[in-house]
Each structure stands twice: as structure tokens, then as C-alpha cells.
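Input: a single structure, listed below in C-alpha cells.
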Amino acid sequence: MEVLSLLGQGFATSLLPLNIGIVIVGVTLGLFIGAMPGLGSVNGVAIVLPLTFIVPPASAIIFLAALYYGAMYGGAISSILLGIPGSSTAVATTFDGRPMAQQGRAGLALIAAAVASFVGGTISVVLFTVFAMPLAELALKFGPAENFALVLLAFTTFVGLGGDDAFKTVAMICLGLVLSTVGLDLISGQPRLIFFDMPGFYAGISFLVLAIGVYGIGEVLWTVERSKVEPTVTPAKVTWAEMRAGFAVLSRTWKTMGVGSVMGFFVGMLPAAGATPASLMAYGIAKSTSREPDSFGKGNVEGVVAPETANNAASTGSLLPMLSLGIPGSPTTALLLGGMVMWGLTPGPMLFVEQADFVWGLISSLYTANLAAVLINLALIPVFVWALRMPFTVLCTLVLVLCIVGGFAPDQRMHDVWLILAFGVVGYLLRKADYPLAPLVLALVLGPVMERSFRQALISAQGDVTTFVTRPLSATFIGLALLFFMLPLLSRLWARRGGSRAA
Amino acid sequence: MLKAVLKAESLIALGLMGLSVYFMWHAVELPTTWDGRRGPGGGAFPFWLSAIMLAASTGVLVRTVLAEVRLPDPRPFFEPGMIGPVVAVTLALTITIALMSVVGTYVAVPLFMLWYLRFFGRNSWRVTVPLVVGTPIVLFFFFEVALLILLPKGITEPLFFPLYAIFF
């Protein structure tokens, strides 16, 4: 019950006119960014973050969270109308969304996506509200050893569950961690890794510089290479009659929605998983439990509902470890975490104690953001149809200009702008060679946490390494981390044994 | 064998290997050894992580080369004909960023947009002109007037004095 009163106090913050306005602007902007092919929540947050200096820190976070939500809703729009996923999280939505649009049922598909997103978002925010406090209270017991073990666990999930090549994943994690050590040594204060003696490196490499480079410039270069033909927009009109018919159809998909929401939430909490696998898994479950699995891929509305509930639920799920443990569950939440640190808020259990107003204001604003997103989404469908006709080159120009100027703004150094360009080109090449970029960004954000907790734990244990395995919680995390790390190897051994027996 | 090493994937792995050696060389400037009571020194974390990165990227290289020798992958790394536009955009960005400190943001950014929209993107003048003219104005009011962040102006700085006088 304590949770309810805290949530009530939170609504007192989030229902302030300023914050309602911020949620509406954030959601609308997010919807547009999400609807643009190629741009998803992570690109939106990276590009827009430097612009949020205009509002106070608490409102800036609410704004970014609203943008994140809006982008998750918006991803479905280009999946349905263009057949090109707005971002990887909306890939599964194209499977049935596109056929529906081609059959002239684009309106129904868009309504289904919006309503499913709302259901997924709302169920997951309720789960979030329930789990946030207990998790934060557990995390209050963590010392440096546990924090180190937890970060290690987060990274090993990428190796074990990320699905990318293990060597490449490890290389990217290490690259991000090494880049995070540039600047001054955390403990002794001595300068280190000052490349070419450039003074710009003394302040370290900001997560924002890497994120704008990789998700802004790198993304545009990726799009430039791919956009040989301009896609065609399927027309869509949404009328009241269609809306009513849509709700009638959707009321029969409650089971799919429920499964997608709960599963999406828990998958989203894992750093390596998140919205993309959650939506694919939900699609798979919906198809295999359906009475007519053959109709999937040919325009079954459940094929839109399942991934859209799951990806929205997952995006809320990935906020949970970020806020209550200080360990982000996705690249987008890693950027939110970086933003909070930049504004002087340290995510983690202490935030629930010291900044309870802020935490509950943010959580309650997730409820308002969800409501705003579904309403604005449905109301603006004609505008999205029009906006998607915008030539790629116009979008690319605006994104590039925002990257350059927005990258300069936070610290006002040209050094950062050059680094953004370098990271953009390198990120583009790495992505082409199938290196996963999410662990790179996460590692840069978590690097300082990892190194500080490792060295603090050792200092307080007087150099005794066994401190990581003699404390029960830390030992559990390390054990799980080892398991995840060995997973690719184990599964290969497993497959080989199974294979030889079959032969 | 040489052909397999010169493949783009191998070159990227080689680049990462080189980068990790460079990082290690930098990291040893600070103590990397274990101080009995206080744990590792300031250089240890970057040094050993770079070492792991070196090992991992070596793994990628070895596997790429072996796979290539066994069964060459005929697909090109870059989509044919599309590497040109990517290089063009990268070059244009480099020139724009260099120009920002010389002739200022408010000359470099419109020039970049003009090139991108009109000559690279082949948009009509009706689309190009409003964007090229409007964007710098929005940038000025957002960053300089609202956020008090001065964007680089280079030699065009004196032209802004009257504007500063009005808004600050």
C-alpha cells in the first residue's frame, strides 16, 4: 500500500502542467522519430539528449522517457505503411502488418498496433511499479563487490544470450570499457590514455559522443548505403467506424496481449535481450498457440498485436534495472542513465531513498506517457502517412546537422564533434562487419561503475580477490556470469554430442 | 591466403588488434601491477581489457581467414555502387566540421545542407531553400538565445555583435 501512496505523490509531480506538456511534446516527437524508417528510440534519445538542457533535469528525464515510449509506438507505423521496420524492435510487426496494409486493412493494423502498444505499456508499467521498490531495497544491501559482479553479469548476458558472435561481442565490450577509462584515473587522479597528447581527452570520452556518432552519423551512413529506391507509402484512413470495428476485433486477442506483455517485461529486463527478441518471441508464441497458425504472415491481426505488446512491455522492463540497480537493460536506457548522471542524479537504489519525488514522478509519468501516446498515435495517423512521404535525404540532412551541433552543445568543444564523426564512420564499418554495437555503448556507460566498484571492493578487502566469491550475493552473480559466458561453448558441445549420437 | 587477409572483415579485425596494442602501450604509463594491499594500479584496468580485446579480435581474424581459405565468400563488403555516396557524405561532413571553426556554424551548416539537399539528394529548390534558410535561424534561437550556448563562429563572429546586443 505504501507503493500506492508514493505513486499518488508521483502523480502530483507528473500532472503538473509543465510535465504534462513535456510528456505530450516528447511522445509526439518520439512517434515521428519512431515512424521514420531506420530511426528508433535509441537514435531519437541520442540525437535529442543534448537539446534537453532547456528544461530542468527531472523534466528532461520525463521528456526522454516520453520520447522513448513514443518511439516504441511509432516503430509500428513504418512497419505497416512502408513495410520497412522503423527500428529493429518493430521487425516482427512487418510480418503481418505489411500484408494487412497490402490487403487494404492498413487502418485496422495501425489501430491494432497502437492499442496493443498501450496494453503492453500499461501492464508493464504496473509490473514496474510493483517490482521497483523490492528490487531497490534488495540492491541497497549491495556493496562494491556485488555491484562489480552485477555489471559483469550484465556483460556476460551479451555473450550468452546476445546471439552475436562471442569473439566480436567480447571485443566490443572491452573496447567500450577501455574507452571509458580515458581521462583521469578514478582512484589516483593521474591522467591516462591521453591519445596524441590532445587536451580534449583529459575530460574523458562522453557516452553522448559515442552514442551520437554510432546512432546518429553511423545510422545515416547505413541508410545512405541502403536507400537506393524510395519506398512506397500505403495509404491509410482511420474512421470512427473502423475504430469501433477494430476494438471489437482486438477484444478477442486479450490472451495474446497478456502473454506478450508479461513476457516482454521480463525479457526486457535482461541487458542482452530487450525489445527485439521479446517481440520475435511473442510473435512465435502467438503463432504456435494459435488455432490457425497458417494465417500468420498473411495478415493476421494477432501477428501485429503480439510483437507490439511485447516490444512496449520490454522497453518498460529495461527501465527497471536501470532505475533500481543502476544497470541499464538496453542501449536506450543506458543513454537515459548517462543523461541522469550528467544531470547529477545517480540511478540505483539510493535514488529511491534520496530522490523519491523524482523517482515516483518519473514512474507516474510513464502512465501519462502511455495514455498520451495511444491518443496522439490514433489522432495523428493521417499526419504520419503524410510525413512518411518526406524524402530520405531531408531526414538525413536534419539528423546530421543535429548530430554536429547537438554534439558540440553539451561541453562546447570541437574535439567532441570530430570524435562523433570518427565514431560514426567506425561504428558504420563495425556494424557492416556484424559487430554488435549495443554492448559497446553499454560498456562505455558502465565502465566507470565497473572499475570503481572493482577497485573499491579490493581496497576495502585489502587486496584480497576472494572477496568477490566469499560474499553470497556477489558469488551468485559471478556464478551466473560464468554460466552465461560459457553458454555459447556449452551449447556447441551439446549440439556436437547430440549430432554424433544421431549419426 | 593473402587475399583472405585483405578482405574487409579481416582488415577490420586487424584494425581492432592494432587499436588494442596502441591502448596497451598507452596504459603502461600508469602502474599495471598488483599492489598487495590496494589492488591493481591505474593502468591495470585498461591494460588487461585491451589484452582481452586483442585476444578476441585475433580470434575473429583467425576465424575469418580460415573460413575464407576454406570457402571464399563471393559477396562484396560494400553494396556495389553504394560506397560512393557513403564516402561523399563522410567527406562533406569532414569539410563541414573543419569549416565550422573557420567560417562559423552559420556558414558551414547551410552550405552542407545546400549540397546535401540540392546536389546530393536532388530535391527541388522549393524544398531546399526553406530548409537551408530556416535551419540556421532555428539553431540560433534554440542554442544561443534559449540555452545561451554559443556555437563556433570563426571569422564571422563580428557579424553577430548586433544580434548579441539585441538578445543578451
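The values are calculated or read from the model by the stated rules, or taken from the named source; none is laboratory data. Nothing here was measured: the structure is a model prediction, and the numbers come from that model. Don't worry about glycine lacking a Cβ; one is built from the backbone with ideal geometry, like all the others, and counts go over all protein chains shown. What goes into the accessible areas is simple: the full protein's heavy atoms, side chains included, and nothing from ligands, DNA or RNA. Shrake-Rupley method; radii C 1.70, N 1.55, O 1.52, S 1.80 Å.
Can you grab the distance from the C-alpha centre of region B:1-77 to the C-alpha centre of region A:325-375, Å, no decimals?
Region B:1-77 and region A:325-375 have Cα centres separated by 36 Å.
I want to verify the translational diffusion coefficient of chain B in µm²/s; compute it with Stokes-Einstein, Rh as the Kirkwood radius over Cα pairs, at 20 °C and 1.002 mPa s.
102 µm²/s
Can you tell which of A:42, A:64, A:53 lies farthest toward the positive end of the dipole of the protein assembly as shown, using +1 and -1 charges on the Cβ of basic and acidic side chains (Lys, Arg; Asp, Glu)?
Towards the positive end, the residue furthest out is A:42.
FRET efficiency for residue A:130 and residue B:62, Cβ-Cβ distance as r, R0 = 45 Å, nearest 0.05?
0.40
Taking square-rooted eigenvalues a ≥ b ≥ c of the alpha carbon gyration tensor, is region A:414-482 rounded, prolate or oblate, where a/c under 1.5 means rounded and, failing that, a/b exceeding b/c means prolate?
Oblate, since a/c reaches 1.5 and b/c is not below a/b.
Going through region A:114-200, which trypsin sites (Lys or Arg not before Pro) have at most 13 other Cβ atoms within 10 Å and a DSSP loop state?
A:141
Where the only charges are on Cβ atoms (+1 Lys, Arg; -1 Asp, Glu), what is the dipole of region B:2-70 about its Cα centre, to the nearest 20 debye?
Rounded to the nearest 20 debye, it is 180 debye.
Taking R0 as 35 Å, what FRET efficiency do you get between residue B:125 and residue A:243 from their Cβ-Cβ distance, rounded to the nearest 0.05?
E between residue B:125 and residue A:243, to the nearest 0.05, is 0.30.
Enumerate by residue number the trypsin sites (Lys or Arg not before Pro) in region B:1-104 meeting two conditions: DSSP loop (anything except H, G, I, E, B), and at most 15 other Cβ atoms within 10 Å of the site's Cβ.
Here the trypsin sites (Lys or Arg not before Pro) that fit, given the DSSP loop and packing criteria, are B:37, B:38.
Would you work out which of A:407, A:363, A:387 lies farthest towards the positive end of the dipole of region A:287-414? Charges go on Cβ: Lys and Arg +1, Asp and Glu -1.
Final value for the positive-end residue is A:387.
Taking the Cβ of residue B:104 as the centre, find all other residues whose Cβ is under 15 Å away and add up their charges (Lys, Arg: +1; Asp, Glu: -1).
-1
Enter the buried accessible area of the B/A pair, total of both sides, probe 1.4 Å, in Å² rounded to the nearest 100.
Its buried surface, counting both partners, is about 5700 Å².
Around residue B:149, which amide H atoms from residues at least 5 apart in sequence, or from another chain, sit under 5 Å from its own amide H, with H modelled in the peptide plane?
Close amide H contacts, sequence-distant or interchain: B:144.
In region A:2-489, carbon and sulfur make up what percent of the accessible area (probe 1.4 Å)?
69 percent
Run the 1.4 Å probe and let me know the accessible area of residue A:464, rounded to the nearest 10 Å².
70 Å²
Quick one: grab the alpha carbon gyration tensor of region A:17-77, order the square roots of its eigenvalues as a ≥ b ≥ c, and give me rounded if a/c is under 1.5, else prolate or oblate depending on whether a/b is larger than b/c.
Since a/c reaches 1.5 but b/c is at least a/b, the shape of region A:17-77 is classed as oblate.
Once you've got the Cα coordinates, tell me which of A:168/B:3; A:237/A:432; A:255/A:298; A:168/B:7; A:432/B:3 are over 27 Å apart.
Pairs exceeding the cut-off: A:237/A:432.
Using protein chains only and a probe of 1.4 angstrom, how many square angstrom of residue A:352 are accessible, to the nearest 10?
20 Å²
Calculate what fraction, in whole %, of the accessible area of chain B sits on carbon and sulfur atoms when a 1.4 Å probe is rolled over the protein chains.
Heavy-atom surface of chain B belonging to carbon and sulfur, 1.4 Å probe: 75 percent.
List the residues, sorted by chain then number, that are 5 or more residues from residue B:39 or on another chain and whose placed amide H is less than 5 Å from its amide H.
Answer set, sorted by chain and number: A:463.
Going by Cα centres, region A:249-293 and region B:98-168 are how many Å apart?
Region A:249-293 and region B:98-168 have Cα centres separated by 46 Å.
If each residue of separation counts as 0.36 nm, what is the full-extension length gain between residue A:291 and residue A:343 once their alpha-carbon separation is subtracted?
Taking 0.36 nm per residue and subtracting the Cα distance, the gain is 13.6 nm.
Subtract the Cα-Cα distance of residue A:2 and residue A:464 from 0.36 nm times their separation in residues, and report this length gain in nm to one decimal.
162.2 nm
Calculate, for region B:83-167, the solvent-accessible area per residue in square angstrom, rolling a 1.4 angstrom probe over the heavy atoms of the protein chains.
Here the per-residue accessible area is 50 Å².
Alpha carbon centre of region A:84-149 versus region A:395-425: separation in Å?
When both Cα centres are located, 30 Å separates them.
If we count every other residue with Cβ under 15 angstrom of residue B:12's Cβ, Lys/Arg +1 and Asp/Glu -1, where does the sum land?
Summing Lys and Arg as +1 and Asp and Glu as -1 gives -1.
In debye, nearest 20, what is the charge dipole magnitude of region B:36-122 about its Cα centre with +1 on Lys and Arg Cβ and -1 on Asp and Glu Cβ, if you could check?
Around 260 debye, computed over region B:36-122.
Run lengths n ≥ 4 of DSSP H only: what is the helix-derived mean residue ellipticity at 222 nm for chain B, with -39500 (n - 2.57) per run over all residues, to the nearest 500?
-20000 deg cm²/dmol
Shape call for region B:2-70 from the C-alpha gyration tensor, a ≥ b ≥ c root eigenvalues: rounded (a/c under 1.5), prolate (a/b greater than b/c) or oblate?
Cα axes put region B:2-70 in the prolate bin.
Farthest toward the dipole's positive end in region B:2-70, which of B:47, B:26, B:59, given Cβ charges of +1 (Lys, Arg) and -1 (Asp, Glu) about the Cα centre?
B:59
Using only the Cα atoms, work out Rg/Rh for chain A, with Rh taken as the Kirkwood radius, to two decimals.
0.97
For region A:385-457, report the accessible area per residue in Å² (1.4 Å probe, heavy atoms, rounded to an integer).
30 Å²
Per residue of region B:78-91, in order, report the coupling 6.51 cos²θ - 1.76 cosθ + 1.60 (Karplus, θ = phi - 60°) as ³J(HN,Hα) in whole Hz, putting x for Gly and Pro.
Whole-Hz 3J(HN,Hα) from phi for region B:78-91: 9, 4, x, x, 9, 6, x, x, 5, 5, 4, 5, 4, 4.
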